[in-house]
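Values quoted throughout were computed directly from the atomic coordinates according to the rules given, and no laboratory measurement underlies them. Keep in mind it's a predicted model, so treat the numbers as computed, not measured. Neighbour counts run over all protein chains shown; Cβ positions are idealised from the backbone, glycine included.
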Amino acid sequence: MSTRRSNTPPRCGRAVQEVRAPGRAAVGIERLRGLPPVLAPHTRLVVLGSFPSVASLGAQQYYAHPRNHFWPILSALWGVDLGAMPYEARLEVVRARGLGIWDVYAQCRREGSLDSAIEDAQFNDFDRLLREAPALEALAHNGGESARAMRHTRTLGLAVYRLPSTSPANASWSFERKLEAWREVFTAHGLV
């Protein structure tokens with residue numbers, strides 16, 4: 001897989017930027033578009049994933065795969081059973097608590113859901129976060145592929161963290177270990 005990356009961070013007016021050139025496998029694969037951000041003016045922390053899974057794109061919901069630990073971790077941190085709520089109600093709780101959700105890639109070509117299969121990817125417009133969430137203090141990258149964009153997200157002048165992936169593919173971290181890492185960041189920004 002080719003991994004050509006640009007040294008120029010995405011800035012206002014450049015909504016997407018190519019960060020991975022298409023490989024031979026990407027030829028003939030439909031370009032996928034991500035989900036809109038979940039933000040509010042009072043959002044203090046945004047969790048950035050890489051790109052929605054097949055399940056998430058199909059449902060048009062962040063972290064829709066039933067084995068992903070994202071919603072269970074938030075439930076444990078906040079003492080609310082988010083999994084029992086309809087998706088829109090979950091988003092209301094997320095916004096009310098000062099959390100935002102988005103991905104680093106706006107679009108890409110990918111077969112399946114693995115981050116390692118992402119090709120021909122383009123960044124989201126990270127400056128949009130500052131425009132739509134003026135109270136924003138920090139960004140937390142959910143996993144390694146998302147964290148590859150840290151050199152770009154650091155240009156926003158915010159605290160930037162790398163969290164362990166909530167993906168079911170990240171089996172080397174137990175739920176409890178992931179929860180403690182997430183708790184540390186959420187506590188630092190008043191979300192717990």
Fill in the blank from the handout: Burial-style ranking of 35-44, 63-72, average other-beta-carbon count within 10 Å with highest first, yields 63-72, 35-44
Problem - Computed label-point distance, nm, for sites E176 and H42 using a 7 Å Cα→Cβ extension - result: 3.5 nm
Fill in the blank from the handout: Rounded to whole angstroms and listed largest first, the alpha-carbon spread of segment 39-164 along its three principal axes comes to 37, 34, 22
Completion exercise
Total charge of the residues flanking P52 in space, meaning their Cβ is under 12 Å from its Cβ, with Lys and Arg +1 and Asp and Glu -1, is 0
Practice task
List the relative contact order of segment 79-180 as a percent without decimals, with contacts defined as Cα pairs under 8 Å and 6+ residues apart.
Solution key: 17 percent
Practice task
Quick one: go through segment 45-60 and flag any residue whose amide nitrogen is under 11 Å from the point 7 Å out along the Cα-to-Cβ line of E30.
Solution key: 58
Handout entry: Segments 111-119, 167-175 sorted - mean Cβ within 10 Å per residue, highest first
Key = 111-119, 167-175
Practice task
With unit charges on the beta carbon (Lys/Arg positive, Asp/Glu negative), name the residue among S165, H152, L179 whose Cα is farthest towards the positive pole of the charge dipole of the chain.
Solution key: H152
Problem - Positive minus negative residues near E176 (Lys, Arg vs Asp, Glu; Cβ under 14 Å) - result: +1
Exercise for the section: Please compute the Cα-Cα pair-distance distribution of segment 27-102 with 10 Å bins starting at 0, giving whole percents from short to long. Expected result: 18, 52, 24, 6, 1
Completion exercise
Toy charge model, Lys and Arg Cβ at +1, Asp and Glu Cβ at -1: segment 75-186 dipole around Cα centroid in debye, rounded to 20, equals 240 debye
